[in-house]
Amino acid sequence: MALTASVTGKFLWQYEDSVLSSGESALQITFLGTSSGVPTRSRNVSAIALRLPQRAEVWLFDCGEGTQHQFLRSDLRVSQIRRIFVTHVHGDHIFGLMGLLASCGLAGNPQQIDIYGPPDLDPYLKACKRYSQTHFSYPVKFHPVSPGLVFEDEEFTVTCQLLKHRVPAFGYRITEKDRPGHFNAELAKELGIPSGPIYGKLKRGETVTLEDGRTIDGKILCGEPEIGRKVVYCTDTVFCESAIELAQGADVLIHEATFAHQDAEMAFQRLHSTSTMAAQTALLAQVQTLIMTHFSPRYAPGNAIGIQDLLNEARAIFPNTELASDFWTYEVPRRIAATKTSPAESSRSEPEASRLESPTTAPAASSPRPKSKK
């Protein structure tokens, strides 16, 4: 399957990777809240769930007011919440946290919940717990974050970068580690390699020495490695270099788009992004897919400018753009490495380069490319 994206006729990347069936290795993003500041009739405030079926875990990113109600309306399980990552301490991103944590105890969470966020989140949680006399029946551990590594285990790493907002706000990058390709057990038998623990090392691509003195490179017995997926979440922020750096080469960039392009002055004043800023970040970071979220209620149905207008503006710059909606689930496919061409090999024309220098530049007209949602 070839995935391509182009701007003014120039190919920015081309992957010839084959897409694997999801199965237990699925990586699913469910949007539980996509409104900015306050909820609307159709959109709650910020919350995104990263679902890891192979681990029976849910990682939550931000937790605006009413998030636990959104869980009840979805097919997600509160009892599977294992980690919560908070971008910043504005109310529309944290006011649902204490209620959700209390409900997790009633849902019978068997493990502890780890919370990651700005240092100021800790005293807020302690004050809420103290004044409401809330007692958790399971361990809750807070981890203050700073730019760099936030979390790592055998499958994933999570890093963060400081964005540009009115209060300290962090963007998160979730990176799945590459996996060795399919192990060819039949070839191993043909080579006279005895089964047992040695197969585990060979499956990991390690080099082993057999009892007869032969040295076997595990890589020759494994297919092409499965490329780890990369998901980046950037909110709240105005257009900034750190967001571009954090999102480099991501499979999916989830970026706030609070304002339409015509309201760019307001975006700069409030340190939020427009649809065109989100698209330019995606373009410069050379991501595969941009998903916009965190929309101002001013663009609700019936107003002069609607959400579709924001999508049209973004697609004029970055065609592979989607609009998030509450309860929409986007699945990130796993890919097998194959022939690739570097995204950087395609140089931009002078007019295009000058167009990207300023995020306030008006987008060129373009017909939106339809894409079905799951």
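Using the per-residue mean of other Cβ atoms lying within 10 Å as a proxy for protection, in what order, highest first, do the peptides 295-303, 122-130 fall?
Numbers: 295-303: 15.9, 122-130: 13.7.
Result, highest mean first: 295-303, 122-130.
Extending 7 Å from Cα along the Cβ direction at Tyr131 and again at Asp153 yields two label points whose distance is 3.4 nm.
Using unit Cβ charges (K, R positive; D, E negative) and no other charged atoms, how large, in debye to the nearest 20, is the dipole of the range 192-277 about its Cα centre? Value, rounded to 20: 400 debye.
Taking a cut-off of 17 Å, what percent of all Cα-Cα pairs in the range 134-200 are separated by more than that? Please report the intermediate quantities before stating the final value.
On the way: 1477 of 2211 pairs.
The calculated P(r) of the range 134-200 puts 67 percent of pairs beyond 17 Å.
Report the FRET efficiency, 1/(1 + (r/R0)^6), for Arg55 and Thr209, where r is their Cβ-Cβ distance and R0 is 56 Å, rounded to 0.05. In this case the efficiency is close to 0.95. Note that the range 195-273 shows a convex hull volume over its alpha carbon atoms of 122 Å³ per residue.
Show me the GluC sites (Glu not before Pro) within the range 118-206 that DSSP assigns to loop and that have at most 16 other Cβ atoms within 10 Å of their Cβ. Could the numbers behind the result be given before it?
Details: sites: Glu152, Glu154, Glu155, Glu176, Glu186, Glu190, Glu206; in loops: Glu154, Glu155, Glu206.
Passing both the DSSP loop test and the Cβ count: Glu154, Glu155, Glu206.
Using Cβ contacts closer than 10 Å as the measure, can you line up Asp212, Asp309 from fewest to most?
On the way: Asp212 6, Asp309 16.
Neighbour counts put them in this order, fewest first: Asp212, Asp309.
Distances between placed amide hydrogens fall under 5 Å for Glu65 paired with Ile94, Phe95, Gly96, all partners being 5 or more residues away or on another chain. Our summary of shape: the Cα atoms of the range 78-150 have principal axis extents of 33, 27, 19 Å, ordered from largest down, in whole angstrom. The mean of 1/r over all pairs of different alpha-carbon atoms in the range 33-93, once inverted, gives a Kirkwood hydrodynamic radius of 11.8 Å. Cβ-Cβ distance of Ile220 and Glu241, R₀ of 41 Å, FRET efficiency by 1/(1 + (r/R0)^6): the value works out to about 0.45. Cross-link reach is defined here as a Cα-Cα straight distance under 16 Å, omitting same-chain residues fewer than 8 places apart; for Lys164 the aspartates and glutamates meeting it are Asp236, Glu241, Glu245, Glu256, Glu265.
Read-outs: derived from the displayed coordinates by stated rules, not from any lab. Because the structure is a prediction, the values reported are computed rather than measured. We place every Cβ from the backbone using ideal geometry, glycine too, and count neighbours over all the protein chains shown.
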